[in-house]
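Notes for the one structure printed next.
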Amino acid sequence: MRGSRSRLSTHVPANDTVLAPGALRLCLRATLVLAALPVLLALLPVARVVRLLAPRQPPANRRSGLLEPAFRFWGHCLRRSLVLYYVATRAGYPARVAFGVRRVPGSRGVTGHSWLELDGVPFYEPGVHPERTFVVMHRLPTA
(Lines give C-alpha, C1' and ligand atoms only; values in the text may rest on other atoms or scores of the structure.)
Protein backbone atom coordinates (compact mmCIF):
# COMPACT_ATOMS: atom_id res chain seq x y z
CA MET A 1 0.00 0.00 0.00
CA ARG A 2 1.68 3.09 -1.20
CA GLY A 3 1.48 6.22 0.94
CA SER A 4 0.12 4.43 4.00
CA ARG A 5 2.16 3.32 6.95
CA SER A 6 1.63 0.02 8.61
CA ARG A 7 1.40 0.41 12.35
CA LEU A 8 0.29 -1.65 15.26
CA SER A 9 -2.98 -0.61 16.79
CA THR A 10 -2.84 0.43 20.42
CA HIS A 11 -6.61 0.48 20.69
CA VAL A 12 -8.12 -2.27 22.83
CA PRO A 13 -11.66 -3.26 21.84
CA ALA A 14 -14.28 -2.64 24.53
CA ASN A 15 -15.11 -6.33 24.89
CA ASP A 16 -11.53 -7.30 25.79
CA THR A 17 -10.37 -7.12 29.38
CA VAL A 18 -6.97 -5.76 30.25
CA LEU A 19 -6.08 -6.62 33.80
CA ALA A 20 -4.24 -4.26 36.09
CA PRO A 21 -1.24 -5.88 37.80
CA GLY A 22 -3.14 -6.20 41.10
CA ALA A 23 -6.09 -7.85 39.37
CA LEU A 24 -3.82 -10.22 37.46
CA ARG A 25 -2.09 -11.33 40.68
CA LEU A 26 -5.45 -11.86 42.36
CA CYS A 27 -6.74 -13.91 39.41
CA LEU A 28 -3.60 -16.06 39.49
CA ARG A 29 -4.01 -16.62 43.24
CA ALA A 30 -7.70 -17.43 42.71
CA THR A 31 -6.67 -20.02 40.09
CA LEU A 32 -4.36 -21.62 42.67
CA VAL A 33 -7.19 -21.61 45.20
CA LEU A 34 -9.45 -23.29 42.64
CA ALA A 35 -6.83 -25.97 42.05
CA ALA A 36 -6.36 -26.54 45.80
CA LEU A 37 -10.06 -26.67 46.71
CA PRO A 38 -10.65 -30.37 46.00
CA VAL A 39 -7.87 -31.32 48.42
CA LEU A 40 -8.89 -28.74 51.03
CA LEU A 41 -12.53 -29.82 50.90
CA ALA A 42 -11.54 -33.49 51.20
CA LEU A 43 -9.44 -32.82 54.30
CA LEU A 44 -11.20 -29.97 56.11
CA PRO A 45 -14.73 -28.92 57.03
CA VAL A 46 -16.15 -26.20 54.76
CA ALA A 47 -16.22 -23.70 57.65
CA ARG A 48 -12.45 -24.14 58.10
CA VAL A 49 -11.87 -23.70 54.35
CA VAL A 50 -13.85 -20.43 54.42
CA ARG A 51 -11.74 -19.20 57.35
CA LEU A 52 -8.58 -20.04 55.40
CA LEU A 53 -9.85 -18.14 52.37
CA ALA A 54 -10.78 -15.01 54.31
CA PRO A 55 -8.24 -12.20 54.22
CA ARG A 56 -6.40 -11.59 57.48
CA GLN A 57 -7.23 -7.91 57.20
CA PRO A 58 -9.99 -6.78 54.82
CA PRO A 59 -9.00 -4.01 52.40
CA ALA A 60 -10.11 -0.51 53.32
CA ASN A 61 -11.67 0.21 49.90
CA ARG A 62 -13.83 -1.86 47.60
CA ARG A 63 -12.18 -2.45 44.25
CA SER A 64 -14.88 -3.57 41.83
CA GLY A 65 -12.44 -3.72 38.90
CA LEU A 66 -10.89 -6.81 40.45
CA LEU A 67 -14.17 -8.70 40.42
CA GLU A 68 -15.17 -8.84 36.78
CA PRO A 69 -12.52 -11.28 35.48
CA ALA A 70 -13.02 -13.63 38.42
CA PHE A 71 -16.79 -13.73 38.07
CA ARG A 72 -16.55 -15.14 34.58
CA PHE A 73 -15.82 -18.50 36.16
CA TRP A 74 -18.93 -20.69 36.28
CA GLY A 75 -18.58 -24.18 37.57
CA HIS A 76 -19.53 -26.43 40.42
CA CYS A 77 -21.41 -24.17 42.85
CA LEU A 78 -19.32 -24.92 45.95
CA ARG A 79 -15.97 -24.38 44.24
CA ARG A 80 -17.35 -21.35 42.44
CA SER A 81 -18.74 -19.72 45.58
CA LEU A 82 -15.51 -20.35 47.53
CA VAL A 83 -13.27 -18.92 44.82
CA LEU A 84 -15.58 -15.93 44.42
CA TYR A 85 -15.57 -15.48 48.19
CA TYR A 86 -11.78 -15.44 48.12
CA VAL A 87 -11.70 -12.79 45.38
CA ALA A 88 -14.58 -10.66 46.71
CA THR A 89 -13.23 -10.45 50.25
CA ARG A 90 -9.82 -9.42 48.95
CA ALA A 91 -11.51 -6.77 46.82
CA GLY A 92 -13.08 -5.31 49.98
CA TYR A 93 -16.56 -6.82 49.85
CA PRO A 94 -17.89 -8.35 53.10
CA ALA A 95 -19.31 -11.32 51.22
CA ARG A 96 -20.63 -14.53 52.75
CA VAL A 97 -21.17 -17.99 51.33
CA ALA A 98 -24.75 -19.24 51.64
CA PHE A 99 -25.75 -22.91 51.60
CA GLY A 100 -29.29 -23.99 50.79
CA VAL A 101 -31.38 -27.03 49.98
CA ARG A 102 -34.60 -27.68 48.08
CA ARG A 103 -36.72 -30.65 47.16
CA VAL A 104 -36.14 -32.19 43.78
CA PRO A 105 -39.40 -31.79 41.83
CA GLY A 106 -41.14 -35.10 41.25
CA SER A 107 -39.11 -37.04 43.81
CA ARG A 108 -38.53 -37.39 47.51
CA GLY A 109 -34.91 -36.26 47.20
CA VAL A 110 -33.25 -32.94 47.94
CA THR A 111 -30.49 -31.01 46.22
CA GLY A 112 -28.13 -28.40 47.55
CA HIS A 113 -26.61 -25.20 46.25
CA SER A 114 -24.13 -22.61 47.46
CA TRP A 115 -23.79 -19.00 46.38
CA LEU A 116 -22.17 -15.75 47.35
CA GLU A 117 -24.14 -13.08 49.24
CA LEU A 118 -23.55 -9.44 50.02
CA ASP A 119 -25.86 -7.92 52.64
CA GLY A 120 -28.09 -10.99 52.43
CA VAL A 121 -28.63 -10.67 48.67
CA PRO A 122 -27.11 -12.98 46.03
CA PHE A 123 -23.92 -11.42 44.72
CA TYR A 124 -22.81 -12.16 41.15
CA GLU A 125 -25.06 -15.21 41.02
CA PRO A 126 -26.00 -16.36 37.51
CA GLY A 127 -29.59 -17.19 36.68
CA VAL A 128 -32.51 -17.05 39.06
CA HIS A 129 -32.26 -15.90 42.65
CA PRO A 130 -31.38 -18.99 44.70
CA GLU A 131 -32.98 -17.65 47.87
CA ARG A 132 -36.34 -17.92 46.10
CA THR A 133 -35.97 -21.64 45.43
CA PHE A 134 -33.57 -22.86 48.14
CA VAL A 135 -34.02 -22.81 51.91
CA VAL A 136 -30.86 -21.29 53.40
CA MET A 137 -29.42 -23.72 55.92
CA HIS A 138 -26.18 -21.95 56.80
CA ARG A 139 -24.01 -18.93 55.98
CA LEU A 140 -20.25 -18.62 56.37
CA PRO A 141 -18.58 -16.85 57.88
CA THR A 142 -21.15 -16.65 60.61
CA ALA A 143 -22.01 -13.16 61.83
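The values are calculated or read from the model by the stated rules, or taken from the named source; none is laboratory data. Predicted model, so just to flag it, every value in this text is computed and none were measured. A quick note on method: Cβ atoms are made from the backbone with ideal geometry, for glycine too, and the neighbour counts reach across all protein chains shown.
Numbers for the structure displayed
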quantity	calculated
Any chance Ala98 is in a helix (DSSP H, G or I) and among the aliphatic types (A, V, I, L, M)	no
Entirely in the range 7-81, the helices (runs of 4 or more DSSP H) that have 3 or more residues that are modelled with pLDDT of 90 or more	21-43, 46-53
Verdict on Ser107 being of a type in the set (Ser, Thr, Tyr) and at pLDDT below 90	yes
Top-ranked residue in the range 103-119 [being among the aliphatic types (A, V, I, L, M) and part of a strand (DSSP E or B); ranked as surrounded by the most Cβ atoms within 10 Å (Cβ to Cβ)]	Leu116
The range 125-143 residues that are farther than 13 Å from Gly100 by Cβ and modelled with pLDDT of 90 or more, paired with ones that are in a helix (DSSP H, G or I) and of a type outside the set (Lys, Arg) (beta carbon under 7 Å, 6 or more apart)	Pro141/Val50
